[in-house]
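Visitor: Sharing a structure with you now.
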Amino acid sequence: MKIVHCSDLHLGKKVSGNREYVKKRYEDFFSAFENFIAKVKEINPDVCIIAGDIFDKKEISPDILSKTENLFKELRSYVKKEVIAIEGNHDNSKALEDSWLEYLHEQSLLKVFYFNKNFEEENYLKIEDINFYPIGYPGFMIDEALKKLSKKLNSDEKNIVIVHTGISAGENTLPGLVSTSILDLFKDKAIYVAGGHIHSFSTYPKEKPFFFVPGSLEFSNVQNEKSDRKGFILFDTDSLEHEFIELEHRKRVQKNFIYNDSTNIEAEFEAFVKELNLTGEEILVISIGIKNNEYINLENLENIAENNGALKTHILIKNILSIGNSEEGTSDLSIEELEKNLISDWNISNIEKFSASFSELKELFSNNDRDSFLELFDKTLEVNEDDN
């Protein structure tokens, strides 16, 4: 059986910026899904797995739903047996509510499964000799959910687990991530664990992997995603071989800029950008080392880049604040990292949780999503007060 596995489509995502940039980025996520569907047509797989975050938000516009429904009609026609989808944290419904994924399910365009709705009793599907266990997004219940499931699996059968999670490691502090010790419970019980949530391709373990995260089809967080490779995974349940298939997506250009004279930085920066020969379609991510805490007008630099062919420019600052114990004493700081350093001085009990919520609060505020903003704001205050 041939299976294609993608995740984190984030259809309907709206970013901040000028009108042209907002429109193009809105279309980018649909275009990336179209590119995926074109490859699926070539492969004609038996099963398509979508491991969460089909939509970027729980509430969607008619335009988003219409575009999505049409694309799924096309996708369904190229998949022989079934399109299996799970809820992710972005399209996660409340316990007593249905998400828009349920509408797609009712149109027979996919089968959708949720963690918070009869997970243990209903999240199972058998196709030929393969047992599928679509978990959904367990969030902070991830360890408990996977432990329970691992005890149920028969190692003599071919089992595939689908869960909206990635591996918790290093600086990755997203909620709902899983440790490798929990994943190891499935080493001899599942031929494939289909993950998501993390937007870059990864596998575990290094030799003979059984846990796979394809990453997002398009950049959702342009500044912080590590890999420029975007695509999906093709898996053969007979040979147990996998292949990561790359897809076209919005181009990101990452560069370091070193200036000689702060009084002439704008001229130096313009010459630097012109050498990149940008076409007006690239997103530019620039790291700049600031010398002696000099003031630099970043907005002017962004305007210069966009007047010289960048669709959008993000500037990351180096050496403004010190993070960690790097021997060289340098690090590239995103806006989120700068905020975390500032928040650390606010006498907040759980900085990691609060700073993660702070970034989402900003996004909700910029999108005028008042209800979600107030709901998350209340939860953030509760986390700070209770420290849990």
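Visitor: Residue check: is Lys148 touching a strand residue (DSSP E or B) at 6+ places or on another chain (Cβ under 8 Å), farther than 26 Å from Phe55 by Cα and in contact (Cβ under 8 Å) with a residue 12 or more places away in the chain? Can you show your working first?
Guide: On the way: touching a strand residue (DSSP E or B) at 6+ places or on another chain (Cβ under 8 Å): no; farther than 26 Å from Phe55 by Cα: yes; in contact (Cβ under 8 Å) with a residue 12 or more places away in the chain: yes.
The answer is no for Lys148.
Visitor: Could you count how many residues in segment 247-267 are of a type in the set (A, V, I, L, M, F, W, C) and either loosely packed, with under 15 Cβ neighbours inside 10 Å or at pLDDT 95 or above (or both)?
Guide: Looking only at that region, the number is 4.
Visitor: So which pairs qualify, if the first residue must be in segment 120-135 and within 13 Å of Ile3 (Cα to Cα) and in the same structural domain as Lys151 (by TED's automatic domain parsing), the second must be β-branched (Val, Ile, Thr) and assigned to a loop (DSSP other than H, G, I, E, B), the Cβ gap must be under 6 Å, and the two must be at least 6 apart or on different chains?
Guide: These pairs meet every condition: Ile130/Thr237.
Visitor: Sticking with this structure for a sec: If you go through segment 291-306 one residue at a time, how many are farther than 18 Å from Gln254 by Cβ and touching a strand residue (DSSP E or B) at 6+ places or on another chain (Cβ under 9 Å)?
Guide: Number of matching residues: 2.
Visitor: Still on this structure: Being within 25 Å of Ser202 (Cβ to Cβ) and of a type outside the set (Lys, Arg): is that true of Ser150 here?
Guide: Values: within 25 Å of Ser202 (Cβ to Cβ): yes; of a type outside the set (Lys, Arg): yes.
When the stated conditions are applied, Ser150 passes them.
Visitor: Right, next: Which number in (1) farther than 21 Å from Met1 by Cα; (2) buried (at least 21 other Cβ atoms within 10 Å of the Cβ); (3) free of Cβ contacts under 8 Å to residues at least 60 places away in the same chain marks the one condition that Asn70 misses?
Guide: (2)
Visitor: Would you check if there is a residue in segment 24-35 being surrounded by 16 or more Cβ atoms within 10 Å (Cβ to Cβ), in contact with a Phe, Trp or Tyr (Cβ under 7 Å, 6 or more places away or on another chain) and either farther than 18 Å from Tyr114 by Cβ or assigned by TED's automatic domain parsing to the domain that holds Glu82 (or both)?
Guide: no
Conditions (1) acidic (Asp, Glu); (2) buried (at least 17 other Cβ atoms within 10 Å of the Cβ); (3) farther than 30 Å from Ile135 by Cβ, marked per residue:
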residue: Ser202; (1), (2), (3): no, yes, no
residue: Lys208; (1), (2), (3): no, no, no
residue: Pro214; (1), (2), (3): no, yes, no
residue: Leu217; (1), (2), (3): no, yes, no
residue: Glu225; (1), (2), (3): yes, yes, no
residue: Phe235; (1), (2), (3): no, yes, no
residue: Phe269; (1), (2), (3): no, yes, yes
residue: Phe272; (1), (2), (3): no, yes, yes
residue: Asn293; (1), (2), (3): no, no, yes
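Visitor: Filter segment 3-19 down to the residues that are in contact (Cβ under 8 Å) with a residue 12 or more places away in the chain and surrounded by fewer than 17 Cβ atoms within 10 Å (Cβ to Cβ) and list them by number.
Guide: Ser16, Gly17
The values are calculated or read from the model by the stated rules, or taken from the named source; none is laboratory data. What you are looking at is a predicted structure, and each value in this text was computed from that prediction instead of being measured. Ideal geometry is used to build each Cβ from the backbone, glycine not excepted, and the neighbour counts take in all protein chains shown.
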